[in-house]
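Everything on this sheet refers to the single structure shown next.
The values are calculated or read from the model by the stated rules, or taken from the named source; none is laboratory data. If you're wondering where the values come from, they're calculated on a predicted model, not measured in any experiment. So basically every Cβ, Gly included, is an ideal-geometry build from the backbone, and we count neighbours across all protein chains shown. Surface areas here come from the heavy atoms of the whole protein model, side chains and all, with no ligands, DNA or RNA. Shrake-Rupley method; radii C 1.70, N 1.55, O 1.52, S 1.80 Å.
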Amino acid sequence: GTPQKYDPTFKGPIYDRGCTDIICCVLLVLAIVGYVVVGVVAWTHGDPRKVIHPTDSRGQFCGQQGTPNEESGPAAPSPCPLPLQICVSKCPDRYMTYLTASGNPAALEYYRNFCTPEYKGSQKAALTVLKDKECPAMLIPSTPLARRCFPAIQAKQGVIMVGNKTTYEDGWGNHRNVTELLEGAKKANVVLETRQLAMKIFEDYTVSWYWIIIGLVIAMVASLIFIVLLRFLAGIMVWVMIVMVILVLGYGIFHCYMEYAKLKGEAGSDVSLTDLGFQTDLRVYLHLRQTWLAFLIILCVLELVIVLLLIFLRKRILIAIALIKEASRAIGHVMSSLLFPLCTFFLLCLCIAYWASTAVFLSTSNEAVYKVFNESACPFAGQTCKPETFNTSNVTKLCPDAQCLFAFYGGETAYHKYLIVLQFFNVFMFFWLANFVIALGQVTLAGAFASYYWAFKKPDDMPAFPLFSAFGRALRYHTGSLAFGSLVLAIVQVIRVILEYLDHRLKAAENKFAKFLLSCLKCCFWCLEKFIKFLNRNAYIMIAIYGTNFCTSARNAVAVLDKVTDFLFFLGKLLIVGSVGILAFFFFTQRIKLVQDTAPPLNYYWVPILTVIVGSYLIAHGFFSVYGMCVDTLFLCFLEDLERNDGSAEKPYFMSQDLRKLLKKTNKGQPDA
């Protein structure tokens, strides 16, 4: 980076600073005001019931109070091509056609449960009732799913059946095979299977949530103990951690090899993972040799990479240990920094909640659109209409058989035409605000830890509340700079979302050049996003120290930070998560004899295990992210210290005594800090 001009009064983060990147600050405020306006408009026009509850052919909700169908239950779609969907109290449970039911009073009484309110019984001819769409042409046995009736398709000995029959009458005198219903209900069956899986997972959570919380508490306690030990035994802890990770990986390699060898010759163990496909019961995969071979290869590669890194980076590890020791001291004087990620997490949850609710209300803010449907030729066919005035309009006079029926949810106003633009703005603002919250957390921690480093007499020269002081400076002076950095990152992330959307739409396309170009763009923007995140992090540290604007801070920031400490922190997270994960595995699979009867019965034991592992990682990451920010800040301050000072009485080093010893630096004529 560019060395700063020497200032004999410099003692850490500059307090006499001014506002930076004011234009971006104004843009952020205006964007937030616009975002609030979009949210209010969406909440005014939107109706989330459209996502949850079905509607009939008139667009009226089924089973909702205050609607004409408030006493009805699911919606029963007609299998015939006519646009007819009716709210019913229960799904049909038998095959029946209206033509056959119209001649049987008992059958007709059952059939009228699936007709519209306008149906008056057998006063009209059967064909007239069907043409007026007052009743469906036929009924088939159905089951309720997501408040809708779907054909009750089942397979018996490989034969597709609906209601124990392989054929059905379509209501117009034609006999059809039930396989014709299969394509229409295929997605419904996928939803049904997904729902059953979700219900089993929910059951597992209801019986294991107590033990999951205990596992997460163990992870939090382990992380705290680890950090406390780093505070006093950083050097020993790092080497013990490295050795333990190597031993754990070694044990994993041995265990995988033994399982791989044990399955040799067993029936079904040589089936490939691709032939087996996805199975909800993960225990099936443990009976395949290919699974253990994959585990064996992955662990061997990890073991080799870690050993090689230790061989070639042993000198850098010593500097990293010194930085970790210094970071431990800094965190010891700013203990509130360990809880600060909770504040960032809370603000991110608010951003996610606002984005999700606004997206739902925007997507459900379309109005019911009614169109003219008719059997004979009519010049008004397909035009929009209003059910309230349709019977008195000229359409019924010129086209007696025309009807005004619900077509879809949409709208022709300016608001409805620009809904896609509002959804895009919603996504963009979510990325901008989320990145701003993360940036605010980073610059706050950087300012607090920089106050520690540049205090010549630690902690006497530190402010009383360094974290709150840094937070206040960031909001008061550098909201614009944080908005600038987060805006650049948000633009790149939105472009990546657009590329992912295009990639999803082009999956069925056969243009290989377009797919190749899209893959290249996705890769480039992924790299660009990583680089901007790295650049922003360094720039925020310089902003916290010197109070310069974003561009100046990014230009003066050091291009490469010490990544050895990141590797050591990764090993620490791996050790904590691995230990808690192994403990959870042995507990929930009932392999610990002392508590074998305590473990709850589960449908899928991987549900609580994965929850504990993911939760443990997030907890460990929250603690170690503070350490990571502290080390990066101290490292940048350390390099700035070397550039500004030479150890003389006029320009003494601010680094700690341990760092000076490691680098063979001394302060002449000054007592050690």
Residues of region 362-410 being in a helix (DSSP H, G or I), open to solvent by less than 50 Å² (accessible area, probe 1.4 Å) and of a type in the set (S, T, N, Q), in sequence order, are THR396
task: Report whether or not PHE449 is free of Cβ contacts under 8 Å to residues at least 60 places away in the same chain, crowded, with 20+ Cβ neighbours inside 10 Å and within 30 Å of MET655 (Cα to Cα).
output: no
Per the list (1) in contact (Cβ under 8 Å) with a residue 40 or more places away in the chain; (2) outside any helix (DSSP H, G or I); (3) open to solvent by less than 50 Å² (accessible area, probe 1.4 Å); (4) farther than 30 Å from TYR210 by Cα, residue check on GLY628 breaks on (2)
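Run down PHE513, PHE550 and say which single residue is without any contact (Cβ under 8 Å) to a residue 12 or more places away in the chain and over 28 Å from the mean Cα position of the chain (by Cα).
One residue alone meets the criteria, PHE513.
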Within region 526-547, restricting to residues that are among the hydrophobic types (A, V, I, L, M, F, W, C) and buried (at least 17 other Cβ atoms within 10 Å of the Cβ), the one that is farthest from VAL497 (Cα to Cα) is ILE545
Going by the structure shown, is ALA234 in a helix (DSSP H, G or I), closer than 30 Å to ILE297 by Cβ and either in contact (Cβ under 8 Å) with a residue 60 or more places away in the chain or open to solvent by less than 70 Å² (accessible area, probe 1.4 Å) (or both)? no
When restricted to GLU367, GLU326, the only residue of a type in the set (Asp, Glu) and at pLDDT below 80 is GLU367
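When you look at ILE153, is it at pLDDT 65 or above and in contact with a helix residue (DSSP H, G or I) (Cβ under 6 Å, 6 or more places away or on another chain), yes or no?
On the way: at pLDDT 65 or above: yes; in contact with a helix residue (DSSP H, G or I) (Cβ under 6 Å, 6 or more places away or on another chain): yes.
Here the answer is yes, as ILE153 does meet what is asked.
Could you check how many residues of region 87-113 are surrounded by fewer than 18 Cβ atoms within 10 Å (Cβ to Cβ) and either at pLDDT below 80 or not β-branched (Val, Ile, Thr) (or both)?
Taking region 87-113 first, the residues surrounded by fewer than 18 Cβ atoms within 10 Å (Cβ to Cβ) are 89-90, 93-95, 99-100, 103-107, 109-110, 112-113.
This time we only want the ones that are either at pLDDT below 80 or not β-branched (Val, Ile, Thr) (or both), so: 89-90, 93-95, 99, 103-107, 109-110, 112-113.
Within region 87-113, residues that are surrounded by fewer than 18 Cβ atoms within 10 Å (Cβ to Cβ) and either at pLDDT below 80 or not β-branched (Val, Ile, Thr) (or both) number 15.
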Taking region 631-653 and the residues there that are charged (D, E, K, R) and either more than 29 Å from ILE438 (Cβ to Cβ) or in a loop (DSSP other than H, G, I, E, B) (or both), the one that is least open to solvent (accessible area, probe 1.4 Å) would be ARG644
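Looking at region 592-620, which of the residues that are modelled with pLDDT under 85, in a helix (DSSP H, G or I) and of a type outside the set (A, V, I, L, M) is most open to solvent (accessible area, probe 1.4 Å)?
First pass over region 592-620, keeping only residues modelled with pLDDT under 85: 592-606.
Filter once more, keeping what is in a helix (DSSP H, G or I): 593-595, 606.
Applying the additional criterion that residues be of a type outside the set (A, V, I, L, M) yields 593, 606.
Numbers: LYS593: 177, TRP606: 47 Å².
Among them, the one singled out is LYS593.
Per-residue answers, yes or no, for (1) over 30 Å from LEU27 (Cβ atoms); (2) among the basic types (Lys, Arg):
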site: PRO459; (1), (2): yes, no
site: PHE468; (1), (2): no, no
site: ALA490; (1), (2): no, no
site: ASP503; (1), (2): yes, no
site: LYS507; (1), (2): yes, yes
site: ASN511; (1), (2): yes, no
site: LYS530; (1), (2): no, yes
site: PHE534; (1), (2): no, no
site: ARG537; (1), (2): no, yes
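May I ask you to verify whether THR116 is in a helix (DSSP H, G or I) and at pLDDT 80 or above? Before the answer, list the steps.
On the way: in a helix (DSSP H, G or I): no; at pLDDT 80 or above: yes.
No, not satisfied.
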Would a scan of region 249-269 turn up a residue that is in contact with a Lys or Arg (Cβ under 7 Å, 6 or more places away or on another chain), modelled with pLDDT under 85 and in a helix (DSSP H, G or I)? yes
